[in-house]
Amino acid sequence: MKKIGITGQHGFVGYHLYQTINLLKEEFELVEFDRSYFDNDQALDAFVTQCDVIVHLAALNRHNDPEVIYATNTGLVQQLIASLERTESKAHVLISSSTQEERDNLYGKSKKEGRLAFVDWANRSGGTFTGLIIPNVYGPFGHPFYNSVVATFCHQIARNETPKIEIDGQLKLIYVGEVVDAILQAIRTGDNTHEKVLGHTAEAKVSEILILLQHYKEVYQDRGEFPALRNDFEHKLFNTYRCYMDIPAYFPRKFVQHTDNRGAFVEIARHGIPGQTSFSTTVPGITRGNHFHTRKIERFAVIKGKALIQLRRIGTSEVYNFYLDGNEPAYVDMPIWYTHNIKNIGEETLYTNFWINEPFDPSDPDTYFETV
């Protein structure tokens with residue numbers, strides 16, 4: 001079982017890598033990292049000594065002074081290399097560099113010099129080193145105004161702000177989950193490629209991305225409908241957008257009931273994508289769920305009885321509680337990377353309708369159990 005440490009484990013890519021490795025406990029063991037280790041040689045050495053693999057993701061992406069970016073990023077690399085040398089570590093080291101390596105800016109220069117410094121360390125020590133050169137990364141939980149234009153646009157649109165396009169460039173993109181997959185593949189194979197370029201998996205102009213996100217806002221956030229998703233990129237972009245909405249303020253959403261002398265009719269979900277609709281009955285006091293998904297789009301609709309639906313983002317402690325009553329039918333959607341459950345808190349049988357965008361596949365369930 002390889003012991004893996006991640007510098008920058010609370011950053012954008014670091015969060016996703018950490019949480020994914022946490023699902024692979026039979027294969028890997030995580031070594032916890034704290035940013036303060038870079039301020040204490042003894043603590044950094046203790047961290048390095050524990051690791052079979054070190055994924056160096058700690059870096060500064062933006063700052064008002066580009067010189068600070070350059071000094072910070074190259075300084076962190078030199079500190080880690082010094083620790084590797086002090087401890088005579090044989091860890092497999094991986095770093096995330098950027099396709100901006102060849103651009104005329106200090107961020108790109110800092111990433112290239114950092115990668116080459118690790119190449120020099122590997123050649124001197126006989127160590128294993130993977131230098132990943134990565135295009136623009138997008139996905140859930142990126143920091144707006146920092147990680148990517150996608151994160152910024154999602155944040156602004158979800159809050160009814162008006163994004164501004166500075167340069168309508170053609171972006172070459174890769175989803176954060178695909179970066180994580182590439183890192184894990186390199187770890188499993190002991191990849192020793194010092195300059196490993198990850199190809200982009202999507203390409204779009206900034207204005208095209210903005211139009212899609214505004215469409216998701218209008219169709220999904222404003223009208224409660226699932227939009228047509230024409231390809232894998234749009235699926236991933238939609239799931240990304242959903243994670244920037246104000247979840248506790250937005251849910252639960254009440255349905256429109258059409259009543260007459262026969263009773264009532266409620267439309268559960270209107271959607272432009274394939275899916276599976278099901279329902280369950282739950283006896284009083286019973287809780288269903290306590291699991292999360294990394295790609296699925298899911299809606300819970302309470303139509304009879306009283307329920308408590310709970311959500312918690314993986315890796316965090318804050319729990320969102322939503323109380324639903326079938327007398328006022330309502331729904332809550334499950335964002336990816338949020339563990340969720342539903343409990344019957346009433347005195348009668350609870351009836352719940354479920355819609356999900358893909359039928360359950362036992363060989364690829366995308367369902368990970370964790371108590372809310």
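Below are the figures for this structure:
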{"read-out": "Among the candidates GLY224, GLY177, GLY190, residue that is of a type outside the set (Asp, Glu) and at pLDDT below 95", "value": "GLY224"}
{"read-out": "The range 306-322, residues that are closer than 26 Å to GLY14 by Cα, part of a strand (DSSP E or B) and of a type in the set (A, V, I, L, M)", "value": "LEU311"}
{"read-out": "Within the range 206-262, considering residues that are closer than 19 Å to PRO335 by Cβ and of a type in the set (Val, Ile, Thr), the one farthest from the chain's Cα centre (by Cα)", "value": "VAL219"}
{"read-out": "Residue tally, condition under 19 Å from the mean Cα position of the chain (by Cα) and of a type in the set (Gly, Ala, Ser), over the range 185-205", "value": "1"}
{"read-out": "Residue selected from the range 315-346 under the condition of a type in the set (S, T, N, Q) and surrounded by fewer than 16 Cβ atoms within 10 Å (Cβ to Cβ), by the criterion nearest to GLY139 (Cα to Cα)", "value": "THR316"}
{"read-out": "Which numbered condition ARG313 fails, given (1) at pLDDT below 95; (2) under 20 Å from the mean Cα position of the chain (by Cα)", "value": "(1)"}
{"read-out": "Residues within the range 284-322 that are of a type in the set (Ser, Thr, Tyr) and touching a residue at least 60 places away in the same chain (Cβ under 8 Å), tallied", "value": "2"}
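The values are calculated or read from the model by the stated rules, or taken from the named source; none is laboratory data. Here the structure is a predicted model, which is why all the values come from computation and not from measurement. Quick reminder, even Gly has a Cβ in these numbers, built from the backbone with ideal geometry, and neighbours come from all protein chains shown.
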